[in-house]
């Protein structure tokens with residue numbers, strides 16, 4: 001009978017590998033971890049979504065963004081600060097709409113079905129790592145203007161909301177009775193940008209309140 005393989009024999013077998021090969025395997029593991037967790041584009045732990053918004057919306061990015069599509073799970077990870085860079089290496093800057101808007105509430109229920117308690121827990125945990133929730137602006141005109149100004153920015157707008165100098169991403173994997181939902185174009189026009197006051201302690205509200213001043 002072949003003797004059982006123990007941790008000691010496994011370690012010894014690993015030690016028999018050439019040093020260069022061990023270093024190469026370790027580097028591959030680091031690269032895989034970065035791809036799955038820093039950028040978040042690879043498959044990760046099981047995640048789930050709520051019902052898609054029943055009102056029209058469009059996902060917009062800075063005008064020089066290279067891609068044309070995004071998935072709901074990628075959006076979720078972006079707004080949870082789990083994806084921090086686009087595939088080209090540029091930093092992701094998620095921008096939220098007004099907390100009390102119908103679209104913001106619909107997006108929140110869709111991307112974060114764990115509810116308010118789950119979001120509060122998530123952001124309180126990340127707060128001690130120096131990570132804050134995405135900025136929330138006072139209007140969707142402000143969201144459009146901010147995304148247009150900031151390379152790497154991404155946000156969402158109501159269907160028909162003006163979006164000059166922005167690229168509209170198709171949200172894939174959202175079948176409807178009329179086929180996959182895409183993001184339509186819209187006329188132009190912008191408003192002013194609101195500012196967000198950083199919290200002075202651990203956030204108790206997953207949606208920081210914009211300071212209109």
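The values are calculated or read from the model by the stated rules, or taken from the named source; none is laboratory data. In this text, all values refer to a predicted model and were calculated from it rather than measured experimentally. Cβ placement follows ideal geometry from the backbone for every residue including glycine, while neighbour counts extend to all protein chains displayed.
Of note:
- Filter pass, residue 52 being exposed (fewer than 15 other Cβ atoms within 10 Å of the Cβ) and assigned to a loop (DSSP other than H, G, I, E, B): no
- Output for the range 145-169, where each listed residue is assigned to a loop (DSSP other than H, G, I, E, B) and farther than 19 Å from residue 67 by Cβ: 159, 160, 161, 162, 164
- Residue match in the range 145-160 (condition: farther than 27 Å from residue 54 by Cα and touching a helix residue (DSSP H, G or I) at 6+ places or on another chain (Cβ under 9 Å)): no
- Out of 142, 138, one residue alone is out of contact with any helix residue (DSSP H, G or I) (no Cβ under 9 Å at 6 or more places or on another chain), outside any loop (DSSP other than H, G, I, E, B), at pLDDT 50 or above and under 13 Å from residue 98 (Cβ atoms). It is 142.
- Filter result for the condition that a residue is surrounded by 19 or more Cβ atoms within 10 Å (Cβ to Cβ) and either in a helix (DSSP H, G or I) or modelled with pLDDT under 95 (or both), over 110, 41: 110
- Residues located in the range 72-89, provided they are surrounded by 15 or more Cβ atoms within 10 Å (Cβ to Cβ) and either closer than 17 Å to residue 114 by Cβ or more than 8 Å from the chain's Cα centre (by Cα) (or both): 72, 73, 75, 76, 77, 78, 79, 80, 81, 82, 85, 86
- Of all residues making up the range 113-135, the number that are out of contact with any strand residue (DSSP E or B) (no Cβ under 8 Å at 6 or more places or on another chain) and outside any helix (DSSP H, G or I): 7
- Verdict on residue 104 being over 17 Å from residue 172 (Cα atoms) and either outside any helix (DSSP H, G or I) or within 17 Å of the chain's Cα centre (by Cα) (or both): yes
- Candidates are the residues of the range 113-142 that are under 25 Å from residue 69 (Cβ atoms) and free of Cβ contacts under 8 Å to residues at least 60 places away in the same chain; the one that is surrounded by the most Cβ atoms within 10 Å (Cβ to Cβ) is 140.
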